[in-house]
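Readers should treat all values here as calculations from the given coordinates under stated rules, not as data from a laboratory. Treat the numbers as computed from the prediction; the structure is a model and nothing was measured. Here the Cβ positions follow ideal geometry from the backbone for every residue, glycine too, while neighbour counts run over all protein chains shown.
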Amino acid sequence: MLHWVREPEAAALSMRKALRPGGRLAAEFGGHGNVAAIATALRAAAKIHGGDPALTAPWFYPTPDQYSRILSAAGFKVERIGLFPRPTPLATAMEGWLGTMRKPFFDQFPQAKRAEVLADTLALLRPSLCDDQGNWTADYVRLRVLAHAV
């Protein structure tokens, strides 16, 4: 859930306060490049339909270097950190994922236009995230961290 936190420095400080010196932090969350194809398609759909591309991605997807600096400033020593691609099959297909994760993006459009925006978004994503059997995959990239409190 750390990729939903809008103040990562404050979150890191809170995690550090919860641990004794030497306590371990193990975390995995969305990292740099997570859902890049999806975000790009949403930005394109916003541009095509006159929407606000800022509503595309409310997430914090840091690079390993960026998150290492945040953790170090909060009082952690990073032991290991890295990005790991994790393509994830979507049981609800892309339409279900978008409806759950990006409802605010689609809500910016009038009700009568939402189906068109969704169709255009799916058309943009289909070549890279849908196989020839109609199975959708999300382009997840995870940031894995192992650190300890100093």
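General observations
- Other residues with beta-carbon under 11 Å from the beta-carbon of P85 carry, at +1 per Lys or Arg and -1 per Asp or Glu, a net charge of +1.
- You can think of it this way: the chain between Q111 and Q133 has 4.9 nm of extra reach, that is 0.36 nm per residue less the Cα-Cα gap.
- Spherically averaged projected area of the convex hull of Cα atoms, the range 1-87: 6.2 nm².
- For Y140, the residues whose amide H sits under 5 Å from its own are V35, R86, T88, ignoring neighbours fewer than 5 places away on the same chain, with H placed 1.01 Å from N.
- Measuring r between the beta carbons of R144 and D52 and using R0 = 35 Å, the FRET efficiency lands at 0.60.
- Taking Cα atoms only, the orientation of helix 8-17 departs from the longest principal axis of the chain by about 40 degrees.
- Partners of K77 within straight-line reach, counting lysines whose Cα lies under 27 Å from its Cα and excluding those fewer than 8 residues away in the same chain: K17.
- Averaged over residues, the count of other Cβ atoms within 10 Å places the peptides 35-47, 126-138, 109-121, 63-75 in the sequence 35-47, 63-75, 109-121, 126-138, highest first.
- Whichever aspartates and glutamates have a C-alpha closer than 13 Å to that of K103, once near sequence neighbours (fewer than 8 apart) are set aside: E95
- Where the Cα pairs of the range 2-149 fall when distances are cut into 5 Å bins, in %: 2, 10, 17, 18, 15, 12, 10, 8, 5, 2, 0, 0
- For the range 64-150, Kirkwood radius (reciprocal of mean inverse C-alpha pair distance, Å): 15.7
- Net charge, A27 excluded, C-beta distance under 13 Å - Lys, Arg +1, Asp, Glu -1: +3
- Degrees, to the nearest 10: 64-74 long Cα axis against longest axis of the chain: 50
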